[in-house]
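The values are calculated or read from the model by the stated rules, or taken from the named source; none is laboratory data. Note that the structure is predicted; figures quoted are calculated from it, not measured. In this analysis, Cβ positions are derived from the backbone assuming ideal geometry, glycine residues included, and neighbour counts consider all displayed protein chains.
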Amino acid sequence: MQLEFFPSRTLALYLARLFATRILGVLVMLVLVLQLLDLLGESGKILAAPGNGEPQLWSYVLLRLPQLVSRFLPYSVLLATLLTFWPLNQNSEVIAMRAAGLSAHQILAPLLVTALLVAAVAFGFNERVVTRASATLKAWQAVDYGPLPQGEALRGNVYVGDGPDILAADNVSGEGAAMQLSGVTWYLRDPQGFITSETHGTSARFVVTGRNARGVTGGWQLTAPTRFDTSTLATGPAPPGLVATGVTPAQIEISTVDADAESFSRLARSIDTLRANGRRTAELDGKWWHKISGPLSALLMPLLGAVAAFGLARSGQLFIRAVIGMALGFAYFVIDNAALAIGNFGGYPPLIAAWGPFLLFLLVGETVLIRTEE
């Protein structure tokens with residue numbers, strides 16, 4: 001029995017089903033409460049936009065829900081571990097398993113496999129749903145919950161320099177030659193960095209003119225442009241012409257890389273493009289690795305919460321063991337976020353910032369389990 005990784009098929013299915021139902025129940029409870037609180041805080045901003053009503057509130061819920069599920073799924077696995085082990089220990093079921101010859105690792109095996117499946121589902125969910133919802137929600141928030149421009153690959157709050165001047169846009173949709181900007185402002189600045197005038201437009205598209213490839217010039221054509229002169233404080237229609245002639249769609253793409261809104265493969269391509277242009281990519285490298293280590297943290301939760309499974313319930317230490325398991329789990333999330341933040345500032349290499357906490361708490365969980373139960 002000790003040489004087998006899993007207990008019997010019946011017992012393995014029983015533990016896995018028990019664990020999976022508790023994960024789902026805790027996740028639904030957490031997401032419903034947090035979604036309600038979040039909606040209460042944002043509903044005023046959403047309804048303040050002209051024309052918004054109940055349909056926009058539901059749209060916000062549908063966009064925010066995937067983010068909450070992704071963020072709190074590992075917490076749900078941790079709490080589900082404690083809710084699974086507590087009654088098993090309280091009802092002496094763990095003692096019966098140990099008396100039958102099962103080791104602590106064999107009891108944990110069905111939960112670890114279930115957690116691994118949860119991590120795989122979380123990774124796919126993040127790639128296919130969360131990234132798209134995050135991109136759309138950030139673009140919607142950039143226009144204060146007003147109408148969104150149509151198009152794929154929405155990005156918000158773009159600022160790109162063209163010499164001393166700056167091209168700003170509330171939203172970017174599309175890619176390459178099909179790229180469209182909305183809520184555009186073109187800031188003209190003097191050599192000291194002071195703004196001399198602003199040209200505003202509801203939208204802009206990239207225009208290339210010229211027949212000779214060596215003499216081709218490009219720029220952005222504004223729609224319904226108006227100009228504000230800071231010296232005279234006068235506002236009036238702007239003369240036709242192109243602005244930001246040194247800014248290309250490719251420059252805008254690499255200036256608006258959002259790791260939360262890009263999939264694993266697309267983020268890798270963005271990092272390669274930034275690196276080829278001499279940009280610093282340490283922060284994005286860490287987040288790229290964390291797209292794997294983040295969902296995989298669900299695998300740690302049964303190991304960290306296993307301290308609540310063992311020990312005699314009648315000894316009066318079951319509650320203390322559960323608190324220790326919860327403390328270990330939440331300590332992991334704190335250290336994981338701290339490591340990413342330090343890695344963003346260059347204190348850690350990206351690989352260590354993303355994987356260091358995972359490996360550290362894997363060793364901590366194994367050490368606690370072996371020293372106390374094996």
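Listed here are the residues, each with its yes/no results for (1) modelled with pLDDT of 90 or more; (2) of a type in the set (Val, Ile, Thr); (3) assigned by TED's automatic domain parsing to the domain that holds residue 363.
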| site | (1), (2), (3) |
| --- | --- |
| 218 | no, no, no |
| 243 | no, yes, no |
| 247 | no, yes, no |
| 253 | no, no, no |
| 259 | no, no, no |
| 262 | no, no, no |
| 265 | yes, no, no |
| 272 | no, no, no |
| 294 | yes, no, yes |
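Do we have residue 146 as out of contact with any Gly (no Cβ under 9 Å at 6 or more places or on another chain), in a loop (DSSP other than H, G, I, E, B) and among the small types (Gly, Ala, Ser) here?
no
Please verify whether the range 41-64 includes one or more residues that are out of contact with any Leu (no Cβ under 8 Å at 6 or more places or on another chain) and among the β-branched types (Val, Ile, Thr).
Checked against the condition, which is being out of contact with any Leu (no Cβ under 8 Å at 6 or more places or on another chain) and among the β-branched types (Val, Ile, Thr), the range 41-64 yields no hits at all.
Could you list, in sequence order, the residues of the range 347-356 that are part of a helix (DSSP H, G or I) and either aromatic (Phe, Trp, Tyr) or within 17 Å of residue 115 (Cβ to Cβ) (or both)?
Within the range 347-356, 355 is the sole residue that qualifies.
Please give the number of the condition residue 172 fails out of (1) outside the structural domain of residue 17 (by TED's automatic domain parsing); (2) assigned to a helix (DSSP H, G or I); (3) not hydroxyl-bearing (Ser, Thr, Tyr).
Every condition holds for residue 172 apart from (2).
Filter the helices (runs of 4 or more DSSP H) completely within the range 33-129 down to those with at least 2 residues that are surrounded by fewer than 19 Cβ atoms within 10 Å (Cβ to Cβ), touching a residue at least 12 places away in the same chain (Cβ under 8 Å) and outside the structural domain of residue 15 (by TED's automatic domain parsing).
Per the criteria, no element qualifies.
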